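Working notes, beginning with the structure itself.
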Amino acid sequence: MNVGRIPRQIVYGIVLLIQICLTLVSILGGLSSVMILDPNFENIMVKNFNANFGPGINQLNFTFILNNTGVYDFHNISFNINLTMSNATDSYNVLNSNVTISEIKAEQKFEEVISFNDSDFNFPIDFNYTTDYSISLQIIIEFVYSLDLIKFRIFLNFTDSDLGDLGGL
Amino acid sequence: MTKPAKLIFKGVFLALIKAITNMLIPYLTFKYVSSIVIMGIPIGLTNEQFQVIVFWITALGLVQVSIAFAKGASPRRSPQKAIWSIFEIAVYCLYLWCYKFSGAASLTLNFKYGFVTYDLALLLQLWLGLVSLKLFIAIYDLIDGIYFYNKKHKELKGMEISKKIAAGGVLNE
């Protein structure tokens, strides 16, 4: 072999090694991403809704489950919870809150009751609690996965009937 | 096997590998993702999304296959091999970029209570970085190929002159 080509072969070897590592990370990350997304709603689950609305007694709590069935940790997890109450004429965004978690390790399950009390809600002063309102709860979860190379954004939207099916309201 | 036949065989082999890795595997992957239906809920890609992704994979995949053939069929350490390598890298960059503008880098999968978006832009950027490293190697190969070709050319010329001298042709002239 030509001695002059040895540095080239070394650089080529390093690039090849990086390429193999990146291929493995891409395949592992891609496959496990599909594993995390479970349409049976087992890995990303919201249940046991409990809500009370009235002057000074507003509260909402539910159990949130995020199961990391993948091979990498979830990092920079942020939840945005948004509750809208509307009737035929008006729509009120009564709750807008952010919750952050630093990480969920691989093969670990995050299961926690998320609670909001009266001070978290921003009902208008003239809000009429006696009127029938339809409720829409939006939960947006964002986190990074696969050595922070894949960004997930999960958007969940629950209406009255969904919340009833999931054990609440 | 003669040398040209060997080169053609190598070209066909490389083109086949390229077709499998850059066309067949992505096509089957996206086809699988687009057809996922569990418990009656289709979570996959929409038909329109799938068609756009497949179009770009096929279009740039075919260009890559032809360049892979040309590169494989070029002699070792030749300038044309290095030039085809540079072309291959340029098309590969476009191929990676097509994942972005075809929507494949930001997949949205729907399910009963909402949707999930996978953003693979960062992963693609890392791949593009790796490809640019390969570009440096290809440029080095081009310089090396030109130098090697000139050296070989000079050696052949020298050998011809030596043969002529040995045959007495130069003296007779």
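The values are calculated or read from the model by the stated rules, or taken from the named source; none is laboratory data. What you see is a predicted model; the values in this text were computed from it and never measured. Here Cβ is always computed from backbone atoms with ideal geometry, including for glycine, and neighbour counts include all displayed protein chains.
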- prompt: Of these, B:Tyr147, B:Tyr99, which one is on the phi < 0 side of the Ramachandran plot, crowded, with 19+ Cβ neighbours inside 10 Å, of a type outside the set (Lys, Arg) and without any contact (Cβ under 8 Å) to a residue 60 or more places away in the chain?
  reply: B:Tyr99
Residue within the stretch A:82-89 that is within 14 Å of another protein chain (Cβ to nearest Cβ) and buried (at least 19 other Cβ atoms within 10 Å of the Cβ) present: no
task: Report whether or not B:Ser74 is in contact with a Lys or Arg (Cβ under 8 Å, 6 or more places away or on another chain), part of a helix (DSSP H, G or I) and of a type in the set (Ser, Thr, Tyr).
output: no
- prompt: When you go through (1) at pLDDT 90 or above; (2) crowded, with 16+ Cβ neighbours inside 10 Å one by one for A:Asp38, which number turns out not to apply?
  reply: (1)
- prompt: For the stretch A:153-160, does any single residue satisfy the condition of being surrounded by fewer than 18 Cβ atoms within 10 Å (Cβ to Cβ) and away from chain B (no Cβ under 14 Å)?
  reply: no
query: When you go through A:Ile57, A:Ile114 one by one, which is the residue that is β-branched (Val, Ile, Thr), modelled with pLDDT of 85 or more and in contact with a helix residue (DSSP H, G or I) (Cβ under 8 Å, 6 or more places away or on another chain)?
result: A:Ile57
- request: Report those strands (runs of 3 or more DSSP E) wholly inside the stretch A:78-166 carrying at least 1 residues which are closer than 27 Å to B:Ala104 by Cα and touching an Asp or Glu at 6+ places or on another chain (Cβ under 7 Å).
  value: A:91-104, A:150-159
- prompt: Is one or more of the residues making up the stretch B:80-102 at pLDDT below 80, of a type in the set (Phe, Trp, Tyr) and over 30 Å from B:Gly145 (Cβ atoms)?
  reply: yes
message: Cβ contacts < 7 Å: first residue more than 17 Å from A:Ile114 (Cβ to Cβ), restricted to the stretch A:72-91; second residue loosely packed, with under 15 Cβ neighbours inside 10 Å and of a type in the set (A, V, I, L, M, F, W, C), any location; separation 6+ or different chain. Result?
response: A:Tyr72/A:Ala106; A:Asp73/A:Ala106
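Here is a yes/no grid of residues against (1) more than 29 Å from A:Thr159 (Cα to Cα); (2) under 19 Å from the mean Cα position of the chain (by Cα); (3) β-branched (Val, Ile, Thr); (4) more than 9 Å from chain A (Cβ to nearest Cβ):
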{"position": "B:Tyr99", "(1), (2), (3), (4)": "yes, yes, no, yes"}
{"position": "B:Gly103", "(1), (2), (3), (4)": "yes, no, no, yes"}
{"position": "B:Phe115", "(1), (2), (3), (4)": "no, no, no, no"}
{"position": "B:Ala121", "(1), (2), (3), (4)": "yes, no, no, no"}
{"position": "B:Leu128", "(1), (2), (3), (4)": "yes, yes, no, yes"}
{"position": "B:Val131", "(1), (2), (3), (4)": "yes, yes, yes, yes"}
{"position": "B:Ile137", "(1), (2), (3), (4)": "yes, yes, yes, no"}
{"position": "B:Asp144", "(1), (2), (3), (4)": "yes, no, no, no"}
field: Residue satisfying all of: in the stretch B:44-62; buried (at least 19 other Cβ atoms within 10 Å of the Cβ) and among the aliphatic types (A, V, I, L, M); modelled with the lowest pLDDT among these
entry: B:Leu45
field: A:Val46, sole failed condition from (1) buried (at least 19 other Cβ atoms within 10 Å of the Cβ); (2) part of a loop (DSSP other than H, G, I, E, B); (3) touching a Leu at 6+ places or on another chain (Cβ under 8 Å)
entry: (2)
